[in-house]
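Report on the following structure.
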Amino acid sequence: MMEEPFLVEFKKNCCYRLNEGQRMIHIALTKVAENDLWKVPVDNGMALGNQLLHCSGNMTQYIISSLGENIDKRERDLEFSTDRGFNKIELLEKLDKTITESKLVINKATKNQFIEYRKVQGFELSGLGVVLHAVEHFSYHVGQIAFWVKQLTKSDLGFYDDRNLNEK
């Protein structure tokens with residue numbers, strides 16, 4: 001049975017946004033040294049390492065566990081309290097694996113899984129709401145990562161150096 005066009009488009013665009021965020025994070029992290037990963041920008045701020053752990057944890061809980069109907073094993077507090085133990089390559093591999101698994105779950109999910117409601121972190125969300133939250137949340141943190149890397153390096157990240165963004 002063929003999927004409805006809106007669902008195909010929703011899946012495609014969600015995966016595109018995840019890919020874009022992943023691409024931007026990879027670019028940003030090429031600009032920082034290993035010892036910058038655990039620097040905290042401000043009181044109550046999040047180091048780059050924590051941002052990556054948190055993005056992976058959130059996507060795992062919302063998409064892989066909830067939409068994918070898998071057991072939720074997230075340990076959210078560790079995403080914020082960790083202050084060492086992962087290097088840049090390990091953090092990126094963890095994020096990449098999470099994004100790959102999330103996209104698989106999104107693409108395999110049925111119409112019924114997208115309209116069914118479930119509870120995540122105390123919120124009652126449909127499958128559409130779950131994916132929308134996870135993608136939006138990831139994009140939010142991509143922006144935070146980009147801002148912090150720009151502050152650390154005093155450089156432009158060049159996310160769109162290969163595009164003319166003034167093109168109409």
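Each value in this text was obtained by applying a stated rule to the coordinates, not by laboratory testing. All values reported here derive from a predicted model rather than from experimental measurement. Here the Cβ is made from the backbone with ideal geometry for all residues, glycine too, and neighbour counts use every protein chain on show.
Couple of notes before you dig in:
- Contour minus Cα-Cα distance for Asp161 and Asp72 (0.36 nm per residue): 28.1 nm
- The range 1-141 - Debye-derived log10 I(q)/I(0), Cα point model, q = 0.21 Å⁻¹: -1.27
- Magnitude of the charge dipole, the range 5-153, Cβ model with Lys/Arg +1 and Asp/Glu -1, debye to 20: 380 debye
- FRET efficiency, 1/(1 + (r/R0)^6) with R0 25 Å, evaluated for Lys12 and Leu152 via beta carbons: 0.15
- Extending 7 Å from Cα along the Cβ direction at Ile89 and again at Glu116 yields two label points whose distance is 4.0 nm.
- The ranking of Glu79, Glu116, Glu93 from fewest to most other beta carbons within 10 Å of each one's beta carbon is Glu93, Glu116, Glu79.
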